1. Taking the Cα centre of each part, how many Å lie between region A:75-112 and region B:239-260?
2. Please compute the average number of Cβ atoms from other chains found within 10 Å of each residue's Cβ in peptide B:199-210.
3. Can you compute the charge dipole magnitude of region A:12-239 about its Cα centre, using +1 on each Lys and Arg Cβ and -1 on each Asp and Glu Cβ, nothing else charged? Give it in debye, rounded to the nearest 20.
4. Work out the mean other chain Cβ neighbour count within 10 Å for the residues of B:50-59 and drop it here as an integer.
5. Excluding residue B:65 itself, what net charge comes from residues whose Cβ is under 14 Å from its Cβ, given Lys and Arg +1 and Asp and Glu -1?
6. From Cα pairs below 8 angstrom and at least 6 apart in sequence, can you work out the relative contact order of chain B, rounded to a whole percent?
7. Provide the percentage of antiparallel DSSP beta bridges, counting only those with both residues in the protein assembly as shown; round to the nearest 5.
8. With an 8 Å Cα cut-off and a minimum separation of 6 or more residues, compute the relative contact order for region A:206-331 in percent.
Amino acid sequence: MGKNNKNTTEKVILKHDHFQTLIDLLKEREYRIVGPTLGEGAIVYDDLNTVDDLPIGWTDDQDGGVYRLKKRNDRAFFGYTVGPHSWKKFLFPSQLRLWKARRDENGFHIENDKNEIRKFAFIGVRSCDLHAISVQDTVFMHGIYSEPNYKARREHTFILAVNCGMAGGTCFCASMSTGPEATSGFDLALTEILQEKGEHYFVVETGTELGAEILLNVPHREAKKEEIHAAETIIKNTSQSMGRTMETKDIKDLLYRNYEHPRWDDVAKRCLTCANCTMVCPTCFCTTVEDVTDLTGEHAERWRKWDSCFTMDFSFIHGGSIRASAKSRYRQWMTHKLATWIDQFGTSGCVGCGRCITWCPVAIDITEETREIRKSEQTHSPNNSIKEGNNNENA
Amino acid sequence: MVDTANPFIPTQYRIQKVLGETYDTFTVELVPLQDNDGFSFLPGQFNMLYVFGVGEAPISLCSDPAIETSIKHTIRAVGTVTSAIQRLGRGGVVGVRGPFGTHWPLDDAKGNDVVIVAGGIGLAPLRPALYQIFAHREKYGRIALLFGARTPHDILYKHELERWRGRFDVEIKVTVDSAINGWRGNVGVVTTLIPGAQFDPLNTIAMICGPEVMMRFTIKELQNRGVKTENIYISMERNMKCGVGFCGHCQFGPTFVCKDGPIFRFDRINTIFGKREI
Ligand SMILES: Cc1cc2nc3c(=O)[nH]c(=O)nc-3n(C[C@H](O)[C@H](O)[C@H](O)COP(=O)(O)OP(=O)(O)OC[C@H]3O[C@@H](n4cnc5c(N)ncnc54)[C@H](O)[C@@H]3O)c2cc1C
Ligand code: SF4
Ligand code: SF4
Ligand code: FES
């Protein structure tokens, strides 16, 4: 993404038939264009060649454990919400070789493994996912060490955001203050407007100089007051039609107070520890490593793969797994998302995208689990509190 | 020697010496394959040790931090990587990433008595602290080392413990859970050594490393004697895949053991320590 520039916030109108020009301009600049497209029975993120690769005229129906593609009665480019993929698959690939090594007379040496990474242009990033990207930025780039693979991908990513024109059945970004309007972290942001008389255009907001530069070469005109108003109305309506809600007041302490709560036993009875929720979550960052050798034993590689706190191996140390029960693993996940994450990284680990609810085979719902704990807390003895500690003291 | 540009890349070290400690535990002395500026670390920190094609394991530094030309690790062969290091033996090459993590509070301990309580292999990360204390002995008050091993065969650093016993400025007590013929020392868990140890509870820094249950009872016993919670430090163990805060495996409540630990001031974690399956 380019630098932020306050002087470039004037909103303009981009006609839908000029959208391809935008893609072409990004291609000319050697971006790898990725965005929503139909695949695997859902709207996924993959390479886009032309605007026709977008799921034009499609939408999705989502609820706990339910995802269905549906035809719309218009030709909207972005008339759906988020699917099973998130942008982390590009910035933080599910499988990545960290390095390779070769045996030699001295033991072994690490081989030079510089592969060119093409810069990405993300098309159609929703506000919740902008926040998720920012959360992973903090995890991977703002600690003692910077994760070099993430950084290399992230630094040159162009982001075209889309303000949501509808909320999904499992969305709750409005509760998490992460949407539905994209407010930062984009080069360009669009609101799609389809009018009954057939007009189809985007109200475009510029977030960076780079965004402005690209826009310069796409035919556009200044937005009229009523067009800006129409865009604002759409966002407002989306905000008011969230499929889910979550009360976030005091949420960190709520969960810290309730490490021991009967609800964890209850959810453990339903949870299959299948790890779907962690795979679809745009902020989950846990990984494992695999060391492999070839048949000759002369080459070794170290691969990093997405991992999940729902697996038994995850917490294994000599003597057994720390979190052997399903209860402790669900508690770890949800408490991490909503509470410990705040102490670790200064933000919530949940951006309210709803993916974990939609893709849970048994429809476990993080908003409902939180609500149940909050509701029943009064009747439950709160003597298990853990206080916030500054754990960097002796670093 | 962490490559800050890419903390995943290990540096090659040759195993220069192997010393058998017990039937399943050994100490390796490592020297860099390529000359470097020396390896500096603080007592309590750990390295990720890699065996070609096999994998990595977090292992504490156990040598004298004043020596930077070589480093030592005491390793208990319990699984894939630790056994592979044992098989490599002298002359073998391992990959090293580190040093990582927090350290024992040797500066804060100055002017105080120090009680060191170790269980089994837990003595390894405490040894550099003892070296450092001995190198600046006048800065500290009374020093007590209380060490518990399962059996006399499990006692680490036997010769060194003997040598330290000969010093008059440190109290060394060793106990075993179960004795064998010929053992004339203490029998019982390590906590039984605490009531008799010489230190002024109100001016004592305690450093503990061992299995979690052992640490739990040690903390209780120290608190019974009046040692303040904020003066107690423990070293935690969790699964680790990266050592640098990225893999998520080492999480312990709101902390990452690899970067917020492994050494924790106890009052920072006392509300989660001892809770099951955190
Ligand atoms: C900070 C720190 C310092 C330490 N210092 C020392 C030290 O000084 N000396 C020492 O001896 N030890 C030390 N340890 C413990 C040491 O790291 C472990 O004993 C070591 O990781 C074991 O590795 P291994 O490959 O030999 O054993 P394994 O048990 O083969 O491997 C453990 C790893 O493999 C995986 N694994 C193995 N078996 C299973 C299974 N059944 N199911 C799922 N996953 C499995 C786990 O994910 C785990 O990461 C320390 C640990 C920590 C965290
Ligand atoms: S926890 Fe669920 S709702 Fe929250 S960001 Fe992750 S997938 Fe989305
Ligand atoms: S909460 Fe649902 S998606 Fe997550 S591990 Fe349990 S069953 Fe799988
Ligand atoms: S060991 Fe990977 S995050 Fe701590």
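Bear in mind that the values in this text are calculations on the coordinates, not laboratory data. Quick caveat, the model's predicted, so the values are computed rather than measured. Cβ sites come from the backbone with ideal geometry, for glycine too, and all protein chains shown count toward neighbours.
1. 21 Å
2. What the average comes to for B:199-210 is 0.
3. Details: 27 positive and 34 negative charges, 82 e Å.
In total the dipole reaches around 400 debye.
4. 4
5. -1
6. 17 percent
7. If we restrict to bridges inside the protein assembly as shown, about 70 percent are antiparallel.
8. Details: 83 pairs, mean separation 25.6, N = 126.
Relative contact order, region A:206-331: 20 percent.
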